[in-house]
1. Taking THR83 as meeting all but one of (1) out of contact with any Leu (no Cβ under 7 Å at 6 or more places or on another chain); (2) under 16 Å from LEU138 (Cα atoms), write down the number of the exception.
2. Does the range 19-31 include one or more residues that are within 14 Å of the chain's Cα centre (by Cα) and either buried (at least 16 other Cβ atoms within 10 Å of the Cβ) or of a type outside the set (D, E, K, R) (or both)?
3. Might you check whether a residue that is assigned to a strand (DSSP E or B), within 18 Å of the chain's Cα centre (by Cα), outside the structural domain of GLY142 (by TED's automatic domain parsing) and surrounded by fewer than 18 Cβ atoms within 10 Å (Cβ to Cβ) occurs anywhere in the range 55-78?
4. Return a yes/no flag: does the range 129-152 have any residue that is in a helix (DSSP H, G or I), closer than 26 Å to ILE38 by Cα, touching an Asp or Glu at 6+ places or on another chain (Cβ under 6 Å) and at pLDDT below 95.
5. Are any of the residues in the range 92-115 among the aromatic types (Phe, Trp, Tyr) and in a strand (DSSP E or B)?
6. So which of VAL69, VAL122, VAL74, VAL113 ends up being free of Cβ contacts under 8 Å to residues at least 60 places away in the same chain and closer than 28 Å to GLY15 by Cα?
Amino acid sequence: MMKQILGILVENHPGVLSKVSGLFSRRGFNIYSLAVGITEDPSISRITIVVEGDEYIVEQVTKQLNKLVDVIKVANIGEDSVTRELALIKVMASPKTRHEVIEITNIFRAQVVDIAKDYLIVEITGDSEKISALVDMLKDYGIKEMVRTGAIAIDRGGKMIKYEDTERGGFQNGDNVL
């Protein structure tokens with residue numbers, strides 16, 4: 001099974017996320033990660049869902065999503081995309097080990113965003129594999145808490161997931177819209 005990323009444009013209304021995630025549970029599909037936020041148009045939100053499954057599963061999910069009233073557009077995010085995730089990691093760092101933890105953090109181009117007597121909070125942005133590699137390196141020091149956003153993704157170049165609506169301003173010339 002492979003992971004596939006779906007970009008879903010939805011009306012920005014209360015309960016829409018519940019309807020979308022409920023569809024997955026009712027159909028027995030697993031969501032690997034889910035992230036949602038407003039777009040350049042505040043009346044539209046974009047949901048990024050990572051689904052584990054083959055093309056048939058993704059096709060079935062897409063068909064079901066398109067039946068929901070508040071869903072505007074569903075598109076697969078291609079392999080030629082920029083995908084990122086954010087993680088905050090609270091790790092033990094006594095005065096004796098703090099320098100080592102900071103060195104590891106620097107190697108991964110992560111940042112220390114908070115320091116306490118025996119803890120550091122590290123912020124890292126990158127693909128899932130990069131974040132998992134940092135987590136593996138920090139485990140020996142004692143990870144006390146961690147939170148990850150899940151993937152967000154956007155296609156490279158002129159390829160976009162947009163909804164053409166003349167009241168919203170429509171498209172610019174040259175846009176390659178899914």
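The values are calculated or read from the model by the stated rules, or taken from the named source; none is laboratory data. All of these numbers come straight from a predicted model, not from anything done at the bench. FYI the Cβ positions are ideal-geometry reconstructions off the backbone, even for glycines, and counts take in every protein chain you see.
1. (2)
2. Yes, that holds for at least one residue.
3. no
4. No, the range 129-152 contains no residue that is in a helix (DSSP H, G or I), closer than 26 Å to ILE38 by Cα, touching an Asp or Glu at 6+ places or on another chain (Cβ under 6 Å) and at pLDDT below 95.
5. In the first step, residues of the range 92-115 are kept if they are among the aromatic types (Phe, Trp, Tyr); the result is 108.
Subset that is in a strand (DSSP E or B): none.
No: the range 92-115 contains no residue that is among the aromatic types (Phe, Trp, Tyr) and in a strand (DSSP E or B).
6. Numbers: VAL122 fails: closer than 28 Å to GLY15 by Cα; VAL74 fails: free of Cβ contacts under 8 Å to residues at least 60 places away in the same chain; VAL113 fails: closer than 28 Å to GLY15 by Cα.
Result: VAL69 is the single residue among VAL69, VAL122, VAL74, VAL113 that is free of Cβ contacts under 8 Å to residues at least 60 places away in the same chain and closer than 28 Å to GLY15 by Cα.
Each row is one residue, and each column tells you yes or no for (1) of a type in the set (Val, Ile, Thr); (2) modelled with pLDDT of 95 or more; (3) in contact with a Lys or Arg (Cβ under 8 Å, 6 or more places away or on another chain).
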{"position": "LEU6", "(1), (2), (3)": "no, no, no"}
{"position": "GLY15", "(1), (2), (3)": "no, no, no"}
{"position": "VAL20", "(1), (2), (3)": "yes, no, no"}
{"position": "PHE24", "(1), (2), (3)": "no, no, no"}
{"position": "GLY28", "(1), (2), (3)": "no, no, no"}
{"position": "GLU59", "(1), (2), (3)": "no, no, no"}
{"position": "GLY78", "(1), (2), (3)": "no, no, yes"}
{"position": "MET92", "(1), (2), (3)": "no, yes, yes"}
